[in-house]
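The values are calculated or read from the model by the stated rules, or taken from the named source; none is laboratory data. Being a predicted model, the structure only gives us computed values, none of them experimental. As a convention, Cβ positions derive from the backbone with ideal geometry for all residues, glycine included, and neighbour counts pool all protein chains shown. Accessible surface is based on the protein model in full, side chains and every heavy atom, while ligands, DNA and RNA are left aside. Shrake-Rupley method; radii C 1.70, N 1.55, O 1.52, S 1.80 Å.
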Amino acid sequence: MLERAEIVRKEYLRHDKKFPHVWCPGCGNGIVMGALLRAIHRSGLEKDDVVLASGIGCSGRMPTYVDFNTIHTTHGRALTFSTGIKLAKPELTVLTVMGDGDATAIGGNHFIHAARRNLDMTAIIINNSTYGMTGGQYSPTTPFGSKSTTSVYGHVEHAFSIAELAVTAGASFVARSTVYHATHLEDMIRLAIAKKGFSVMEVISNCHVQHGRRNKLGGAVEMIKGFKERAVRVEKAEKMSAEELVDKITIGVLADVEKPISTEQYQRVINEAKKKAEKIAKEKEKNGIKRYEE
Amino acid sequence: MIGSDQHERVLLQGNEAIVAGALAAGCRFFAGYPITPASEISELLSVKLPELGGTFIQMEDEIASMGAVLGASLAGVKSMTATSGPGFSLMQENLGYGCMAEVPCVIVNVMRGGPSTGLPTCPAQGDVQMARWGTHGDHPIIVMAVSSVADSFSVTIKAFNLSEKYRTPVIILSDEVVAHTRESVTLPTSDQIKVFDRVRPDVPPEWYKPYADNNRGVPDMAAFGDGYRHHVTGLVHDEKGYPTQNGLEVEQFLQRIHGKISKGFQEIQVTKNHQLEDAEVFVIAYGSVARSALRAVRDARALGIKAGLLQLVTLFPFPRKVVDSYLRQCRAVIVPEMNMGQMNREIGRVNQAGCQIVKHNRIDGHLITPDEILKHLAAV
């Protein structure tokens, strides 16, 4: 374990970056970043071939710290940038890290369309049920009744379930884990990266500073322990009733389907269009027709 | 169509000429969202780009389109999008990112009447100041206007070249009349077309500083995947690309991105002069209105009025010196616009010579006719 921690530190952190990072002590983001780096390492990817994109928020700062091709985009739009990068250079492994508000509020439309589109990319969503950076306002995953700086009387709306949303929107691979299950998380991320098609990795994380404090969920340790207690493996969850699953976190692979990957489909379009254009050019040459082809 | 070694005379509409220009300039990525009167650009590129190994994608909205365009450009591919007013509003957020992170790209706005859903699809020029100031914060930008099919081809090439050279988004303002008018044009041969590609770094990757200043004020640009692992952000950043709040670094960065446009001012500002040598009165116009203005000037000459036309191709940075010299030469200037007077404001600001400015505005969704301009020329 120590050896692997050393690999992560030496190989993947940016040593020309002025640390410390912006995350609060006990924040789950560091656990996710560690798991991500170990998963990338185990996947045998070259650093030059990896792109890590992010949106805005605490999670948005992750790319700054790691030694890949990195981009910190605008709020909610990370997947749109990733789409352009992937289509321009399909050989790159494009990973996108987002928060719950980033991916499913301001970026909700991009998120479901990225899932539907099914480019060969991976989205990692760190779900801490709040907007941490801006001071703990309610997000699309804030539980009903919870307190936040914009729901002091208890939240009146209902929460998204991000992984299920991704399944419905058509992602090829969807998994969920928590920051308690660091090894499981690493395994899931590795599977998500390996999967051809659009993969979604939801990570349940803690914001004890904002969400935890206002809802009396304790500090980082208590919140992370809570994830351990609430987590149910997907295989077990399948045998449980809806009532039994209330307030549980289903972890594991929720969807793994095979369907045409649009990265490859775009290449097919290029190949066909090129052939057609060559044929027309030859005919033109033969017949001497000069006209504008639409 | 493109890269022919022979002159080719073709019948094109303005939107098609923009496509031809973009492809000739090396554009190989387009992301867009359907909107009238710009949709022909998308439709044609969805056919033409793959033929050249490029990619066309229709995104879920214009916000996403602009994001994908920036992403593709950062991966080293010349990219563009095309839209109209409502879509251009949505693009402002990521357009600002393009200015901040210095990402070359071209945005075509085929203007229609506004505000809001406005007048689909009648011509207008209501997005001029928005093109300059649409995204938040002080930012440098280049805005160009096309007035004909031939213009649509050549200005698009120029727009790509400037965006690559100065690492900045360039906005092309077309309008419904230019977009849908079909004209016979002779496209230049491939050896007549000058294409500029962004300067890429040649230093070892460990020496590369993606935002370091140089004598051009434009840092060399590595593409993602080229071995120069670097960081790109919309935060104000230091020369390594990392976020900074150090006042000195912030100031240096912002001064540089504004300064690079100032340094290139001579090359960036494009205007066309028609019969201005001995003019006593003149018209300043751009876009489709410049066509009406040209006719009005010819008609005025036939009546013995010493009239001229200064056509603005580059709207921003505002070609102040050229405008100023004719404001000094002439006693009056007519400024016809299909808006409430958006460029007129700029002209008024530089008018130290006290030239009489007569604005003529139409906002009813109809093109300004030569007669309307001629009346003003005769009156002054």
query: Looking at A:Asp247, A:Asp187, which one is among the acidic types (Asp, Glu), closer than 17 Å to A:Thr122 by Cβ and out of contact with any Ser or Thr (no Cβ under 8 Å at 6 or more places or on another chain)?
result: A:Asp187
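Take the residues in region B:70-86 that are more than 16 Å from the chain's Cα centre (by Cα) and touching a residue at least 12 places away in the same chain (Cβ under 8 Å); name whichever of them is farthest from B:Asp220 (Cα to Cα). Explain how you work it out, then say what you get.
We begin by selecting, within region B:70-86, every residue more than 16 Å from the chain's Cα centre (by Cα); these are B:70-77, B:86.
If we keep only those that are touching a residue at least 12 places away in the same chain (Cβ under 8 Å) as well, we get B:70, B:72-77, B:86.
Details: B:Leu70: 17, B:Ala72: 17, B:Ser73: 14, B:Leu74: 12, B:Ala75: 14, B:Gly76: 12, B:Val77: 15, B:Pro86: 34 Å.
Step by step, filter region B:70-86, then rank; the result is B:Pro86.
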Residue in region B:181-189 that is hydrophobic (A, V, I, L, M, F, W, C), in the same structural domain as B:Ile41 (by TED's automatic domain parsing) and either part of a helix (DSSP H, G or I) or farther than 24 Å from B:Ala131 by Cβ (or both) present: yes
task: Confirm whether A:Met133 is crowded, with 24+ Cβ neighbours inside 10 Å and under 23 Å from A:Leu13 (Cα atoms).
output: no
- request: Mind telling me which of the residues B:Tyr228, B:Tyr211 ends up being open to solvent by less than 50 Å² (accessible area, probe 1.4 Å), assigned to a loop (DSSP other than H, G, I, E, B) and facing another protein chain (nearest Cβ under 9 Å)?
  value: B:Tyr228
- request: Hey, can you tell me all the residues within region A:164-192 that are surrounded by 24 or more Cβ atoms within 10 Å (Cβ to Cβ) and assigned to a helix (DSSP H, G or I)?
  value: A:Ala166, A:Leu185, A:Met188, A:Ile189, A:Ala192
query: If a residue has to be open to solvent by 10 Å² or more (accessible area, probe 1.4 Å) and either part of a strand (DSSP E or B) or among the acidic types (Asp, Glu) (or both) to count, how many in region B:88-127 make the cut?
result: 8
message: Which pairs turn up if I take residues in region B:232-243 that are at the interface with another protein chain (Cβ under 7 Å from one of its Cβ atoms) and closer than 20 Å to A:Ile85 by Cβ and look for partners that are assigned to a strand (DSSP E or B) and among the aliphatic types (A, V, I, L, M) with beta carbon separation below 7 Å, at least 6 apart in sequence or on another chain?
response: B:Val232/A:Ile71
Region A:1-12: number of residues that are within 22 Å of the chain's Cα centre (by Cα) and either at pLDDT 95 or above or over 21 Å from A:Leu52 (Cβ atoms) (or both): 1
task: Go through region A:268-284 and give me each residue that's more than 9 Å from chain B (Cβ to nearest Cβ) and closer than 30 Å to A:Ala194 by Cα.
output: A:Arg268
message: Just checking: which of the helices (runs of 4 or more DSSP H) contained wholly in region B:1-87 hold 3 or more residues that are of a type in the set (Ser, Thr, Tyr)?
response: B:39-51
- line: Counting only helices (runs of 4 or more DSSP H) wholly inside region A:212-294, the ones holding at least 2 residues that are free of Cβ contacts under 8 Å to residues at least 12 places away in the same chain and among the acidic types (Asp, Glu) are A:262-287
- prompt: If we scan region A:86-95, do we find a residue that is among the basic types (Lys, Arg) and either surrounded by fewer than 24 Cβ atoms within 10 Å (Cβ to Cβ) or within 12 Å of the chain's Cα centre (by Cα) (or both)?
  reply: yes
query: Within region A:197-214, which residues are surrounded by fewer than 21 Cβ atoms within 10 Å (Cβ to Cβ) and in contact with a Ser or Thr (Cβ under 7 Å, 6 or more places away or on another chain)?
result: A:Arg214
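Which of the residues that make up region B:169-221 are basic (Lys, Arg) and out of contact with any helix residue (DSSP H, G or I) (no Cβ under 9 Å at 6 or more places or on another chain)?
Once the filter is applied, which keeps residues that are basic (Lys, Arg) and out of contact with any helix residue (DSSP H, G or I) (no Cβ under 9 Å at 6 or more places or on another chain), region B:169-221 yields B:Arg200, B:Lys209.
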query: So which pairs qualify, if the first residue must be in region A:7-29 and on the phi > 0 side of the Ramachandran plot and more than 14 Å from chain B (Cβ to nearest Cβ), the second must be open to solvent by less than 40 Å² (accessible area, probe 1.4 Å) and at pLDDT 95 or above, the Cβ gap must be under 9 Å, and the two must be at least 6 apart or on different chains?
result: A:Gly26/A:Asn206; A:Gly26/A:His208; A:Gly26/A:Gly219; A:Gly26/A:Ala220; A:Gly26/A:Met223; A:Gly26/A:Ile224
statement: Residue hits (region A:69-96; in a strand (DSSP E or B) and aliphatic (A, V, I, L, M)) are A:Ile71, A:Val94, A:Leu95
statement: Condition set open to solvent by less than 10 Å² (accessible area, probe 1.4 Å) and more than 18 Å from B:Ser84 (Cβ to Cβ), scope region B:22-54, selection nearest to the other protein chains (Cβ to nearest Cβ): answer is B:Pro50
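So which of A:Ala192, A:Ala277, A:Ala281 is farther than 26 Å from B:Ser46 by Cα and small (Gly, Ala, Ser)?
A:Ala192
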- prompt: Considering only residues of region A:14-57 that are open to solvent by 40 Å² or more (accessible area, probe 1.4 Å) and of a type in the set (A, V, I, L, M, F, W, C), which is nearest to A:Gly84 (Cα to Cα)?
  reply: A:Ile56
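What are the residues in region B:141-152 that are of a type outside the set (Ser, Thr, Tyr) and open to solvent by less than 10 Å² (accessible area, probe 1.4 Å), if any? Let's see the steps before the verdict.
Initially, region B:141-152 is screened for residues of a type outside the set (Ser, Thr, Tyr), giving B:141-146, B:149-151.
Those that are of a type outside the set (Ser, Thr, Tyr) and open to solvent by less than 10 Å² (accessible area, probe 1.4 Å): B:Ile141, B:Ile142, B:Val143, B:Met144, B:Ala145, B:Val146, B:Val149, B:Asp151.
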task: Tell me, please, whether a residue that is within 21 Å of A:Ser59 (Cα to Cα) and either exposed (fewer than 12 other Cβ atoms within 10 Å of the Cβ) or not β-branched (Val, Ile, Thr) (or both) can be found in region A:235-243.
output: no
